[in-house]
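S.K.: The structure is given below, and queries will be raised subsequently.
Derivation of every value follows stated rules applied to the coordinates shown; laboratory data play no part. Owing to the predicted nature of the structure, the values given are computational and were not obtained by experimental measurement. Using ideal geometry, Cβ is built from the backbone for each residue, glycine included, and neighbour counts are taken over all protein chains shown.
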Amino acid sequence: MRVCGASATRLNNAFSKKLDNHIHALALYFAFHNFCRIYKSLKITPAIAAGVTDRLWSLEDIVAKIDAMASAPAKRDPYKKRNAENSN
């Protein structure tokens with residue numbers, strides 16, 4: 001995070017107007033950082049070095065994991081009909 005601090009500050013000011021969006025953006029950054037990015041000094045990702053996983057992940061793997069953990073959307077209620085006097 002230290003190395004990418006300036007770009008994170010710039011992007012946060014532009015795109016993270018809500019706290020939830022900021023939290024989700026940081027979660028994606030850390031997931032990519034730990035599971036997808038190979039460190040030059042380690043020659044592997046931090047997650048593999050820590051024994052969390054045994055393979056290199058792609059962004060598609062992270063998106064699939066997010067989709068698998070997401071709850072199903074709630075069923076919508078039927079639309080209410082408009083009254084004739086409120087239509088104007």
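S.K.: Would you be able to tell me the number of residues in region 45-59 that are hydrophobic (A, V, I, L, M, F, W, C) and loosely packed, with under 12 Cβ neighbours inside 10 Å?
M.R.: 2
S.K.: Please go through region 35-64 and give me each residue that is assigned to a helix (DSSP H, G or I) and without any contact (Cβ under 8 Å) to a residue 12 or more places away in the chain, ordered by number.
M.R.: Within region 35-64, ILE48, ALA49, ALA50, GLU60, VAL63, ALA64 meet the criteria.
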